[in-house]
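The values are calculated or read from the model by the stated rules, or taken from the named source; none is laboratory data. Keep in mind that this is a model prediction, so the values were computed, not measured. Glycine also receives a Cβ, built like all others from the backbone with ideal geometry; neighbour counts cover every protein chain displayed. Note: accessible area is taken over every heavy atom of the protein model, side chains too, but ligands, DNA and RNA are not part of it. Shrake-Rupley method; radii C 1.70, N 1.55, O 1.52, S 1.80 Å.
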Amino acid sequence: MTWEDYVVSDVWVDCDPGIDDAVMLAALSGAVERGRVRLHGLSSVAGNTPLDVTTANLLALASYWALPHVPVARGANRPLVRAACDAAHVHGANGLGEVEIPAGDRALANDSAVLAMHKAICSLAPARRMRLVATGPLANIALLLRAFPDDAARIQDVVIMGGSTCGGNVTPRAEYNIWADPEAAHMVFASGVPVVMCGLDVTLRSGLSAEQLTSMRDGDSERLCALARMLSFYKGDPAAWPHGVCVVHDAVPLLYVLAPDLFQGVRGVVEIGLGQDDRGETRLVAAGDGADAGVAKASGNATPSNALVLSLVDALGFQKVLGNLLQAVR
């Protein structure tokens, strides 16, 4: 099968733009244009930058990438329990690598992110299920599942960029999105809704080639050039690229939704560290034999897995699909 052969998914995207979120949203526009996604809405959350900035960026990017006029909702302005700690040192003060894009013509929905997601889920035909693609801290998803627990039965999965079983990027043990709001992550992983964890294990192997980045920067598309400039701020030195690619972490969950055969992983039980020393750690405490292993053994008991943890990617296939999607938004 190719990525065009998979069933079209109903999707809501929750994000904290963010340079790699900008790549994801551009790819999302291509997926919508090619009829591979039914997009129901977008929501912001505090993360890479404070909520006012992520929300402004989401509105601007929705217009810049000509995404459908779906609800764009404002989400949580801080983690559930802890003080906010952003990543502006990575993404720039404006969240987009100091690249300026037009503000656009989108307006915020009247509903909060949680209420807007709930309404979108309830609006689906009975046989359909929503896929929540979450590329920032998980406060909005956790609050949705707490406020409207019956929605869990209408959610196919929560596909997140977050976590790691190979070491962290904000502490030796934790990846930023989970570390930023571990209590929210714990609630989502413990909710009973299937989680697909696109953590650093796989995202560090997933990205654009140097040739693709050069083509975007030097080509005739102003929008792709702007995206390349953002990425150059973010990961400008090819000599420092892990696995030889310019990583685009937040594009990975979307590409998993579109082309799951690009990825490999294991189903298992993931626990979230909530203490001072293990804050944000994602521990795969029990794993099945492969991606189709639905039950993992934990402490000698049969325990349903709560996550599919991705670990490998067809890097060239990833580049081909992502490049195809970006070309659609020239």
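The residues of the stretch 229-265 that are assigned to a strand (DSSP E or B) and at pLDDT 95 or above, listed by number, are PHE263, GLN264, GLY265.
Against the conditions (1) surrounded by fewer than 18 Cβ atoms within 10 Å (Cβ to Cβ); (2) over 24 Å from SER191 (Cα atoms); (3) under 20 Å from the mean Cα position of the chain (by Cα); (4) not hydrophobic (A, V, I, L, M, F, W, C), GLY104 satisfies every one except (3).
Could you tell me whether the stretch 38-49 includes any residue that is under 20 Å from HIS118 (Cα atoms), assigned to a loop (DSSP other than H, G, I, E, B) and open to solvent by 30 Å² or more (accessible area, probe 1.4 Å)? There is no residue in the stretch 38-49 that is under 20 Å from HIS118 (Cα atoms), assigned to a loop (DSSP other than H, G, I, E, B) and open to solvent by 30 Å² or more (accessible area, probe 1.4 Å). Applying the condition of being assigned to a loop (DSSP other than H, G, I, E, B) and farther than 17 Å from SER44 by Cα to the stretch 107-129 and asking which residue is least open to solvent (accessible area, probe 1.4 Å) yields LEU124.
For beta carbons closer than 6 Å, sequence separation of 6+ or different chains, a first residue in the stretch 52-66 that is of a type in the set (Val, Ile, Thr) and a second that is at pLDDT 95 or above and open to solvent by 10 Å² or more (accessible area, probe 1.4 Å), the qualifying pairs are THR55/ARG74. When SER44, SER63, SER123 are checked against the criterion of being closer than 30 Å to GLY275 by Cβ and among the hydroxyl-bearing types (Ser, Thr, Tyr), a single residue qualifies: SER44. Selection of first residues in the stretch 223-235 that are touching a residue at least 40 places away in the same chain (Cβ under 8 Å) and of second residues that are not small (Gly, Ala, Ser), restricted to Cβ pairs under 6 Å at least 6 apart or on distinct chains, gives the following pairs, ordered by first then second residue: LEU224/MET216; ALA226/VAL99; ARG229/VAL99; MET230/ILE19; MET230/LEU96; MET230/VAL99; LEU231/CYS246; TYR234/ILE19. Among the residues of the stretch 50-63, those that are open to solvent by 10 Å² or more (accessible area, probe 1.4 Å) and either closer than 8 Å to ASP16 by Cβ or not hydrophobic (A, V, I, L, M, F, W, C) (or both) comprise PRO50, ASP52, ASN57, SER63.
Could you say whether any residue in the stretch 213-228 is in contact with a strand residue (DSSP E or B) (Cβ under 8 Å, 6 or more places away or on another chain) and part of a strand (DSSP E or B)? The answer is no, given that none of the residues of the stretch 213-228 is in contact with a strand residue (DSSP E or B) (Cβ under 8 Å, 6 or more places away or on another chain) and part of a strand (DSSP E or B).
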